[in-house]
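Worksheet for the structure shown next.
The values are calculated or read from the model by the stated rules, or taken from the named source; none is laboratory data. Small disclaimer: the values here were computed from a predicted structure and weren't measured. FYI the Cβ positions are ideal-geometry reconstructions off the backbone, even for glycines, and counts take in every protein chain you see.
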Amino acid sequence: MGTLESAGAFDKIKDMIKEDNKRLLRVVYWVKDLEMTIKFYTECLGMKLLEKHDHPLEKCTSAFLGYGPRDTHFIVELKFYHGISEFNLGTGFGHIGINVEDIFKSLALIKSKGGKVVRDALQVKGASTICAFVEDPNGYEIELLQRSFHGDPFCQVMLRVLDLDHAIAFYKKAFGMQTLRTLELQLPGTKWRLAFLGYGPEDKTTVLELNSIFGVTEYDKGNTYVQLVIGTNNIDKMSKTLQEFGGEITQELDVQGNSTKTLSILDPNGWKLVFVKNVASTKDGCN
Ligand code: CO
């Protein structure tokens with residue numbers, strides 16, 4: 001009897017986990033030159049252009065790029081606003097991370113296409129990972145990582161935070177993320193603390209990287225980062241949990257008839273994240 005009960009309880013937990021099924025879906029940011037950016041992401045990073053939509057009312061064009069269909073892969077949505085010239089990258093949005101097979105080959109390709117290498121390949125002491133930083137045509141930093149991985153090449157989104165421990169606790173409690181790894185890094189003149197959080201192992205899923213620089217008390221968020229989108233099956237239960245743990249809900253959208261529900265929140269550092277119901281396609285406008 002006892003065994004049966006335990007088995008039943010375990011099934012329930014398993015069902016809940018399965019039912020919840022949270023996943024990082026996409027990162028959204030503005031670009032200055034859409035065509036140049038698409039060219040760079042496809043030719044230098046090997047992404048595919050998945051979809052492109054014009055939104056005449058909002059005077060914007062969205063391009064979706066990634067390494068596979070949006071139903072199964074993490075992707076980037078590039079937004080181009082017609083007629084807006086003020087473009088401030090700020091200092092808070094860090095980078096996206098891309099796993100590559102051969103980092104030296106990737107760097108050579110990027111250089112040959114006129115791309116800018118910000119930091120050449122560097123092997124972290126005691127680790128097998130080799131990483132480098134390049135810049136896309138808008139000035140966004142992109143980290144290239146050569147290491148053992150079995151998932152999507154699109155592996156990280158990095159945001160800078162002031163209080164790393166506070167941010168980790170928030171994402172753990174309010175978002176249900178796991179802390180996969182934390183570390184401290186030092187280069188002459190700078191020291192950082194990093195945390196990698198997510199909904200699955202780091203070598204198989206895309207993760208959120210949080211970074212805090214010692215001694216920095218303020219970041220300029222700029223105006224180009226839009227949001228990080230996360231899919232969940234339990235969106236109705238999210239708003240209570242989010243508020244309880246210090247997330248500020250900025251918009252709750254329930255579009256009747258097409259089963260789209262989104263929940264926009266600001267994390268304790270003011271970064272915008274959006275939960276959407278796990279459906280195959282989430283066509284949204286320019287916000
Ligand atoms: Co990174």
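Per-structure values
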{"read-out": "Any hit, segment 175-189, residues being more than 16 Å from the ligand (Cβ to nearest atom), exposed (fewer than 13 other Cβ atoms within 10 Å of the Cβ) and either in a helix (DSSP H, G or I) or under 20 Å from the mean Cα position of the chain (by Cα) (or both)", "value": "no"}
{"read-out": "Which listed residue, of Thr42, Thr3, Thr72, is polar (S, T, N, Q) and modelled with pLDDT of 95 or more", "value": "Thr42"}
{"read-out": "Leading residue by the ranking (nearest to the ligand (Cβ to nearest atom)) among those in segment 113-127 that are among the small types (Gly, Ala, Ser) and either surrounded by 12 or more Cβ atoms within 10 Å (Cβ to Cβ) or closer than 20 Å to Gly90 by Cβ (or both)", "value": "Ala121"}
{"read-out": "Sole residue being within 29 Å of Tyr81 (Cα to Cα) and touching a His at 6+ places or on another chain (Cβ under 7 Å), chosen from Glu209, Glu143, Glu218", "value": "Glu143"}
{"read-out": "Test: residue in segment 95-106 that is within 18 Å of the chain's Cα centre (by Cα), closer than 23 Å to Ile265 by Cα and at pLDDT 95 or above", "value": "yes"}
{"read-out": "Residue in segment 156-167 that is surrounded by fewer than 13 Cβ atoms within 10 Å (Cβ to Cβ), more than 15 Å from the ligand (Cβ to nearest atom) and part of a strand (DSSP E or B) present", "value": "no"}
{"read-out": "Top-ranked residue of segment 64-112 - restricted to ones that are without any contact (Cβ under 8 Å) to a residue 24 or more places away in the chain and of a type in the set (S, T, N, Q), ranked as farthest from the ligand (Cβ to nearest atom)", "value": "Ser85"}
{"read-out": "Count of residues meeting criterion [surrounded by fewer than 13 Cβ atoms within 10 Å (Cβ to Cβ) and in a strand (DSSP E or B)] in segment 45-70", "value": "1"}
{"read-out": "Cβ-Cβ under 8 Å pairs, at least 6 apart or on other chains, segment 128-141 side at positive phi and away from the ligand (no atom under 14 Å from the Cβ), far side in a loop (DSSP other than H, G, I, E, B) and among the hydrophobic types (A, V, I, L, M, F, W, C)", "value": "Gly139/Leu89"}
{"read-out": "Given (1) assigned to a strand (DSSP E or B); (2) away from the ligand (no atom under 11 Å from the Cβ); (3) closer than 30 Å to Lys105 by Cα; (4) within 18 Å of the chain's Cα centre (by Cα), number of the condition Gly151 does not satisfy", "value": "(1)"}
{"read-out": "Criterion: touching a strand residue (DSSP E or B) at 6+ places or on another chain (Cβ under 7 Å) and more than 28 Å from Glu218 (Cα to Cα) - qualifying residue of Ile75, Ile96", "value": "Ile75"}
{"read-out": "Verdict on Glu202 being within 16 Å of the ligand (Cβ to nearest atom), at pLDDT 95 or above and not aromatic (Phe, Trp, Tyr)", "value": "no"}
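Rundown of residues vs (1) in contact with a Pro (Cβ under 7 Å, 6 or more places away or on another chain); (2) buried (at least 19 other Cβ atoms within 10 Å of the Cβ); (3) more than 20 Å from Val27 (Cα to Cα), yes/no style:
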{"site": "Lys191", "(1), (2), (3)": "no, no, yes"}
{"site": "Gly198", "(1), (2), (3)": "no, yes, no"}
{"site": "Lys204", "(1), (2), (3)": "no, no, no"}
{"site": "Leu208", "(1), (2), (3)": "no, yes, no"}
{"site": "Thr224", "(1), (2), (3)": "no, yes, no"}
{"site": "Leu228", "(1), (2), (3)": "no, yes, no"}
{"site": "Asn233", "(1), (2), (3)": "no, no, no"}
{"site": "Ser239", "(1), (2), (3)": "no, no, yes"}
{"site": "Glu248", "(1), (2), (3)": "no, no, no"}
